[in-house]
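I have placed the structure first, in the form of structure tokens, so that the comments after it can refer back to it.
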Amino acid sequence: MAAAAAAVDPWQAATPRKRRSAPRRPGRREAAARSREADPEADSTTVLRRIREAGEDLLISEFWSSALETIMRCLRKHSEQVKALEGTLSTALGNLDLDSPADETAVACDCVPGKTLVAGARRLKCVCYGIGNFATCVIARNQLTFLLHFLEKCQIPRSHCCMYDPLFSQLEIEVLNALGVTVLSENEEGKRSVGGEPTIFYMLHCGTALYNNLLWSNWSADALSKMVIIGNSFRGLEERLLTRTLQKNYPYIAKVLGGLEESEFPPSSRYTDIFNDTSIHWFPALKLRLLSADTWAFQEEPDYQDCEDLEIIRKKTKDPSSTDLNS
């Protein structure tokens with residue numbers, strides 16, 4: 001199957017506050033059930049063609065340009081922060097031109113995976129959790145398509161993007177390998193440290209515990225200042241959950257709310273089920289430094305033993321492939 005993928009075009013190759021009501025975020029299984037296609041046995045060529053077609057539709061949508069502008073605005077600020085803290089990160093993100101349709105077309109059709117115009121961008125990493133069965137689910141495929149366009153627009157080599165979902169089929173793993181991304185073999189439960197590298201986490205519609213685990217694994221001002229999260233709105237979580245529930249079950253999300261900046265994705269009637277409740281989050285160093293010493297002193301690993309309605313299934317020792325990161 002991988003050989004068939006290589007023969008197609010480059011896109012296919014290698015304080016208490018009043019809470020307002022918020023729209024219910026459909027779970028992955030519920031959304032997937034509404035968008036499941038009739039031919040789950042499609043081969044890699046068919047899947048890659050659908051990815052390309054979804055990408056073509058995305059690029060001509062108003063949503064793509066608006067969402068990209070929202071992301072880039074945050075990434076430029078984050079890039080400047082990392083440069084100030086380390087003095088080594090390239091100005092690549094700050095130099096990107098968002099107003100050129102020709103450039104966007106080049107991203108879809110002519111870019112070679114792994115090739116970047118600015119060497120400094122190769123330091124950026126990307127981790128994608130819980131994207132789902134993109135071979136048969138339209139929602140998951142559109143989320144994957146957005147990610148691929150985003151990587152190329154930001155000049156992040158696909159080889160610097162790691163992906164994991166325990167639902168991935170062998171076909172989907174082969175397609176991702178052909179696209180040039182790295183497929184992780186184990187369920188990390190979101191417990192991945194940035195390891196000193198500026199890292200973007202792409203985690204759409206994932207369980208709340210997954211975000212909490214990610215924050216715990218990077219619970220220091222230095223690590224958080226290098227992290228960007230594209231996923232469920234943290235402010236939305238604050239509005240939907242009781243304060244005591246958030247503080248008890250997801251303490252790292254509760255504690256970091258005063259140390260982040262969040263920008264919502266633009267609304268879109270066409271992509272409502274795909275990018276609803278999605279925001280980009282980053283953590284300004286100045287805000288993190290204002291958090292109390294007690295905030296950083298608490299570093300207990302989450303266990304969720306008393307948590308009802310847990311939206312992730314934990315890693316299983318004997319059969320990791322049976323675990324699920326999504327609701």
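When both residues are 6+ apart or on different chains and their Cβ atoms are under 6 Å apart, which pairs have a first residue that lies in region 233-251 and is under 21 Å from Gln305 (Cβ atoms), and a second that is in a loop (DSSP other than H, G, I, E, B)?
Short answer, once both residue conditions are applied: Asn249/Cys307.
Is there a residue being closer than 19 Å to Ile312 by Cβ, at pLDDT below 95, part of a loop (DSSP other than H, G, I, E, B) and under 14 Å from the mean Cα position of the chain (by Cα) anywhere in region 221-237?
Within region 221-237 (the criterion being closer than 19 Å to Ile312 by Cβ, at pLDDT below 95, part of a loop (DSSP other than H, G, I, E, B) and under 14 Å from the mean Cα position of the chain (by Cα)), the answer is no, since none of the residues qualifies.
Any residue at all in region 236-248 that's β-branched (Val, Ile, Thr) and closer than 29 Å to Lys153 by Cβ?
no
If we keep just the residues of region 256-311 that are part of a loop (DSSP other than H, G, I, E, B) and hydroxyl-bearing (Ser, Thr, Tyr), which is farthest from His78 (Cα to Cα)?
Here the residue is Tyr304.
Being in contact with a His (Cβ under 9 Å, 6 or more places away or on another chain) and within 23 Å of Ser79 (Cβ to Cβ) is true for just one of Leu147, Leu204, Leu151. Which residue is that?
The unique qualifying residue is Leu151.
Output the residue which, of all residues in region 26-46 that are within 21 Å of the chain's Cα centre (by Cα) and either modelled with pLDDT of 95 or more or assigned to a helix (DSSP H, G or I) (or both), is farthest from Ser233 (Cα to Cα).
Ser35
I need the full set of residues from region 148-161 which are under 12 Å from the mean Cα position of the chain (by Cα) and either modelled with pLDDT under 95 or surrounded by 23 or more Cβ atoms within 10 Å (Cβ to Cβ) (or both), in order please.
Step one: of region 148-161, the residues under 12 Å from the mean Cα position of the chain (by Cα) are 148, 150-151, 161.
Residues satisfying the conditions are Leu148, Leu151, Cys161.
Tell me which residues, restricted to region 264-273, are surrounded by fewer than 16 Cβ atoms within 10 Å (Cβ to Cβ) and closer than 15 Å to Met203 by Cα.
Glu264
Looking only at region 120-169, which residues are within 23 Å of Thr70 (Cα to Cα) and among the β-branched types (Val, Ile, Thr)?
Of everything in region 120-169, those that are within 23 Å of Thr70 (Cα to Cα) and among the β-branched types (Val, Ile, Thr) turn out to be Val127, Ile131, Ile139, Thr145, Ile156.
Would region 180-202 turn up any residue that is modelled with pLDDT of 95 or more, among the β-branched types (Val, Ile, Thr) and under 21 Å from Ile274 (Cα atoms)?
Yes: one or more hits.
Among the candidates Arg240, Arg244, single out the residue that is of a type outside the set (Asp, Glu), more than 18 Å from Leu215 (Cα to Cα), surrounded by 15 or more Cβ atoms within 10 Å (Cβ to Cβ) and more than 19 Å from the chain's Cα centre (by Cα).
Sole residue among the options that is of a type outside the set (Asp, Glu), more than 18 Å from Leu215 (Cα to Cα), surrounded by 15 or more Cβ atoms within 10 Å (Cβ to Cβ) and more than 19 Å from the chain's Cα centre (by Cα): Arg240.
Any idea which residue in region 179-208 is nearest to Ser292 (Cα to Cα), counting only those that are small (Gly, Ala, Ser) and buried (at least 23 other Cβ atoms within 10 Å of the Cβ)?
Gly190
Filter region 174-184 for residues that are part of a loop (DSSP other than H, G, I, E, B) and in contact with a helix residue (DSSP H, G or I) (Cβ under 8 Å, 6 or more places away or on another chain) and give the result.
Answer for region 174-184, where residues must be part of a loop (DSSP other than H, G, I, E, B) and in contact with a helix residue (DSSP H, G or I) (Cβ under 8 Å, 6 or more places away or on another chain): Gly180, Val181.
The values are calculated or read from the model by the stated rules, or taken from the named source; none is laboratory data. Predicted, not measured: the structure shown is a model, and the values here were computed from it. Methodologically, a virtual Cβ is constructed for each residue, glycine included, from the backbone with ideal geometry; neighbour enumeration extends over all protein chains shown.
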